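Single-structure report; data block below.
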Amino acid sequence: MNMRGLTTTDSDAELIARSLAGEADAFRDLYRKHEKRVRSVMRNLCGDNALDDHVQDVFVRVWKYLNGFRHDSNFSTWLFRIAHNVAMDCRKAHATQRSGILEIASEQAVAAQYHEKPENQELVKKMLESLSFEHRRVLVLVDLEEFSLQEVAAIAAIPLGTVKSRLHHARADARAFLQKQGWKL
């Protein structure tokens, strides 16, 4: 049992150092601190099918490569780069299965206004499915998960200008899809 427990004073750097020193409870705390957000990103990028397995895969890779974390970026950026890689693996494995891949909104406005209503969930799901994976991942990371454009560039390993362009096109495509469905923006 963790005698220290997870406190607000436990920074990622402290938890990483304790984990690398062999303190299993520290890695458990690191997991608990980031699991909910990783789960959200994986759900948005891979869907609910095998979600627990995907989240577990992310943290197994984090554990495996934790000693390689260089502390020259935020731990969360490094962590979500790993999550992104797992999502890319998921995408490759399920490239032919386009239906049912996402179940929640990606734009904050969509999530706030439409996803709350059960009758709109299917519309939002179809809108997200209509986007390419490249556009969907940028939209999800920026608008739903609230990563900065710079963080998304680091996570996706693409130039900042590409992030901006894809976000612009993703939002335009999402709006066009919703307008065709009679949604007034």
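Gly100 fulfils the conditions (1) assigned to a helix (DSSP H, G or I); (2) farther than 27 Å from Ser76 by Cβ; (3) modelled with pLDDT under 60 except for a single criterion, (1). Residue under question is Arg175, and the condition is that it be free of Cβ contacts under 8 Å to residues at least 40 places away in the same chain and not hydrophobic (A, V, I, L, M, F, W, C); does it hold? Taking the combined requirement at face value, the residue satisfies it.
Among the residues of segment 1-49 satisfying the criterion of being of a type in the set (D, E, K, R) and assigned to a loop (DSSP other than H, G, I, E, B), which is modelled with the lowest pLDDT? Don't jump to the end; show me each part of the working.
First, the residues of segment 1-49 that are of a type in the set (D, E, K, R): 4, 10, 12, 14, 18, 23, 25, 28-29, 32-33, 35-37, 39, 43, 48.
Going one step further and asking which of them are assigned to a loop (DSSP other than H, G, I, E, B), we end up with 4, 10, 23, 48.
Numbers: Arg4: 47, Asp10: 77, Glu23: 90, Asp48: 79.
Step by step, filter segment 1-49, then rank; the result is Arg4.
Condition test on Ser148, is it assigned by TED's automatic domain parsing to the domain that holds Gln181 and closer than 15 Å to Trp78 by Cα? Considered against the rule, which asks whether it is assigned by TED's automatic domain parsing to the domain that holds Gln181 and closer than 15 Å to Trp78 by Cα, Ser148 comes out as yes. Name every residue in segment 137-150 that is modelled with pLDDT of 90 or more and either closer than 17 Å to Cys46 by Cα or not polar (S, T, N, Q) (or both), in order of residue number. Selection gives Val138, Leu149. For segment 150-165, the tally of residues that are without any contact (Cβ under 8 Å) to a residue 40 or more places away in the chain, assigned to a helix (DSSP H, G or I), aliphatic (A, V, I, L, M) and surrounded by 15 or more Cβ atoms within 10 Å (Cβ to Cβ) stands at 3.
The values are calculated or read from the model by the stated rules, or taken from the named source; none is laboratory data. Computed from a predicted structure; not experimentally measured. Note: ideal-geometry Cβ built from the backbone for every residue, glycine included; neighbour counts use all protein chains shown.
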